[in-house]
1. What is the local net charge at HIS88, summed over the other residues whose Cβ is closer than 13 Å to its Cβ (Lys, Arg +1; Asp, Glu -1)?
2. Explain nothing, just the number: dipole magnitude of segment 173-287 about its Cα centre with +1 on each Lys and Arg Cβ and -1 on each Asp and Glu Cβ, in debye rounded to the nearest 20.
3. Mind giving me the nanometre distance, one decimal, between the label points for GLU173 and GLU135, set 7 Å out from Cα along Cα→Cβ?
4. Determine, for each peptide in 143-151, 177-185, 118-126, the mean count of other beta carbons within 10 angstrom over its residues, then list the peptides with the highest first.
5. Ignoring ligands, DNA and RNA, what percent of the 1.4 Å accessible area of segment 108-173 is carbon and sulfur?
6. Taking the solvent-accessible surface of protein heavy atoms with a 1.4 Å probe, what is the per residue accessible area of segment 147-268 in Å²?
7. Taking the alpha-carbon centroid of each part, what is the distance from segment 99-158 to segment 163-204 in angstrom?
8. Read phi for every residue in segment 177-191 and hand back ³J(HN,Hα) as whole Hz from Karplus 6.51 cos²θ - 1.76 cosθ + 1.60, θ = phi - 60°, with x for Gly and Pro.
Amino acid sequence: MNKQFKTGFVSIVGRPNVGKSTLLNAILGEKVAITSSKPQTTRTNIQGILSGDDYQIIYIDTPGYHNAKDSINKMMVQQAKDSLDNAHVSYMLVQPDEFFGPELESLVKVLEKTDATLFLVVNKVDGFPREKVYEAASRFFPKLNFKQVLPVSALKGTNVDKLIELTVDELPEGDPLFDEDEITTQPEKLLVAEFIREQIFRQLKDEIPYQIIVETEKIEDRNDNLMYIAASIIVNRDSQKGIVIGKGGTQLKEISTASRISLEAFFGVKIYLELFVKVKEGWQTKDEYLKLQGLY
């Protein structure tokens, strides 16, 4: 084993919409986690792999920590807790105007029990005055035994390199667990489904996106520069099917076009995407559909 090489797991936790997925994408320099302005976009833990000359960091992007009431949201919160089991470092991500309410108080209690080295990461500093950032750091730093506190902008890339540097210092020596060209452990079908679901979140309003899952049914390489993908958007009710399709199919076409562009950027090839809309009442209570989300 190369004694100079370091390998470890890093969990990224925080409330919904503080920028966990955006930070993971910024760290990797690649998009592997979907983002939107809506909270709870991320439903399951997503692993991203960052390999350097003398280190490999396996990042775990987690669903937003919140007061879960239904079964699927409780599973999402449990995913966030589970991410801490093997973490060597954990980032508690907050934003400058964050309020220390019951959800964060509960998260702090969870973090108190972890053996991971804790970093307080204040995100979105590009959108707030410096004084507000300092106030947030001062407000949250006493809550836990943080080893580091760092202001970052995942959107602008501010201090992201510094965050990686500080993280490597805390990792144990060890061999790499993945090939250096791997950037995620997400299965290809789940990754494709997530890219499509992201566009549903971006295109549709209100609660409809939360009632939807995506199943990737087929992926085929038709030639060196063309990938065929067939996927189904699964909704709870017929009325939701009509909303997703839109008048004359316009809404579904917009979702398909945006998804195709996003997938082409990731895979680096042309994509022929076929999207279907299916009604499966009560999918949230059925194991086969929860498995599609990586929740089982």
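1. Value of the local net charge: -3.
2. For segment 173-287, the charge dipole is close to 1120 debye.
3. According to this spin-label approximation, the distance is 4.7 nm.
4. For the peptides 143-151, 177-185, 118-126, the packing ranking is 118-126, 143-151, 177-185.
5. Looking at segment 108-173 in its full context, I get 47 percent from C and S.
6. The answer is 51 Å² per residue.
7. 22
8. Ordered by residue, 3J(HN,Hα) equals 9, 9, 4, 5, 8, 7, 10, 7, 9, 4, x, 4, 5, 5, 4 Hz.
The values are calculated or read from the model by the stated rules, or taken from the named source; none is laboratory data. Since the structure is predicted, the reported quantities are computational estimates derived from the model, not experimental observations. Glycine also receives a Cβ, built like all others from the backbone with ideal geometry; neighbour counts cover every protein chain displayed. Only protein heavy atoms, including side chains, enter the accessible area calculation; ligands, DNA and RNA are left aside. Shrake-Rupley method; radii C 1.70, N 1.55, O 1.52, S 1.80 Å.
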